[in-house]
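Everything below concerns the one structure shown next.
The values are calculated or read from the model by the stated rules, or taken from the named source; none is laboratory data. Just so it is clear, the structure is predicted and the values come from calculations on it, not from any experiment. Methodologically, a virtual Cβ is constructed for each residue, glycine included, from the backbone with ideal geometry; neighbour enumeration extends over all protein chains shown. SASA here: full protein model, heavy atoms, side chains in, ligands and nucleic acids out. Shrake-Rupley method; radii C 1.70, N 1.55, O 1.52, S 1.80 Å.
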Amino acid sequence: MKRPRKLTVAERQYLQSMKLAAENWLISKKMSDEWVLVHRMTDITKMVPAP
């Protein structure tokens with residue numbers, strides 16, 4: 001598995017509009033229709049629709 005990366009400013013704003021705390025999430029995989037996020041502390045994965 002690739003190492004998750006930090007969010008850009010636009011990605012952070014998008015997650016905040018979805019009511020997620022952007023400082024707690026990293027992007028693991030970014031596909032055309034959805035993103036796979038990984039929580040920094042608990043390693044929980046969440047899939048959100050791409051903007």
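Among Val9, Val48, which is the only one that is in contact with a Phe, Trp or Tyr (Cβ under 6 Å, 6 or more places away or on another chain) and at pLDDT 95 or above? Answer to the check: Val48. Among the residues of the stretch 22-41, the one identified as in a loop (DSSP other than H, G, I, E, B), touching a strand residue (DSSP E or B) at 6+ places or on another chain (Cβ under 9 Å) and farther than 13 Å from Lys6 by Cα is Asp33. Only one residue in Lys2, Lys19, Lys46 is open to solvent by 100 Å² or more (accessible area, probe 1.4 Å) and touching a strand residue (DSSP E or B) at 6+ places or on another chain (Cβ under 8 Å). Which one? Exactly one residue qualifies, and that residue is Lys2. Within the stretch 27-39, the set of residues being surrounded by 14 or more Cβ atoms within 10 Å (Cβ to Cβ) and touching a residue at least 12 places away in the same chain (Cβ under 8 Å) comprises Ile27, Ser28, Lys29, Trp35, Leu37, Val38, His39.
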